[in-house]
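Reviewing the structure listed below.
The values are calculated or read from the model by the stated rules, or taken from the named source; none is laboratory data. Worth saying up front: this structure is predicted, and the values here are computed from it rather than measured. Note that we place each Cβ from the backbone using ideal geometry, even for glycine, and neighbour counts take in every protein chain shown.
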Amino acid sequence: YTSPCNRSLLELYNDSEEQFIEGKGWLFERSTETLMVVFPKVEALHWSTFFMLSVTCAGPVLAYLILFTKMGFGLTSMYYLSTRFSHYTPLIIMCITGLFFLLYLVDSETWTSGVG
């Protein structure tokens, strides 16, 4: 392994295409290392698990579309919520903030670096 800093641009250009096709070399290794920082290790899911996760995630989306958009009952829903539950807004905001803070504290023991 030779550091790319010690090689000329022409050598890097000539070698990088060949090494990229083979899946070897510093260019492929660097890009893989960079991507692994952002994306976690991926494991294959069974099709039934994938289907159930998809349905579970689609449920709240469909409920939102039906209740809070022009496609559904958006204006009626928002009017009902604003007239009957607007005095609970500060309490709801404090509860959500407290929940996020609690989740933050509970998760802190699994951190492996200073960033999180």
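Can you list residue pairs whose Cβ atoms sit under 7 Å apart, with the first residue in the range 42-67 being without any contact (Cβ under 8 Å) to a residue 60 or more places away in the chain and the second being part of a loop (DSSP other than H, G, I, E, B) and exposed (fewer than 10 other Cβ atoms within 10 Å of the Cβ)? Count only pairs 6 or more apart in sequence or on different chains.
Partner pairs satisfying both residue conditions: LEU65/MET71.
Where in the range 25-114 are the helices (runs of 4 or more DSSP H), entirely inside, with at least 2 residues that are among the charged types (D, E, K, R) and at pLDDT below 80? Give the steps one after another, and end with the answer.
Values: elements: 26-38, 47-68, 74-85, 89-107.
In the range 25-114, 26-38 are the helices (runs of 4 or more DSSP H) which contain 2 or more residues that are among the charged types (D, E, K, R) and at pLDDT below 80.
Yes/no matrix, rows are residues, columns are (1) surrounded by 10 or more Cβ atoms within 10 Å (Cβ to Cβ); (2) in contact with a strand residue (DSSP E or B) (Cβ under 8 Å, 6 or more places away or on another chain); (3) over 30 Å from VAL37 (Cβ atoms); (4) not β-branched (Val, Ile, Thr):
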| position | (1), (2), (3), (4) |
| --- | --- |
| PHE50 | yes, no, no, yes |
| LEU62 | yes, no, yes, yes |
| THR97 | yes, no, no, no |
| VAL106 | no, no, no, no |
| TRP111 | no, no, no, yes |
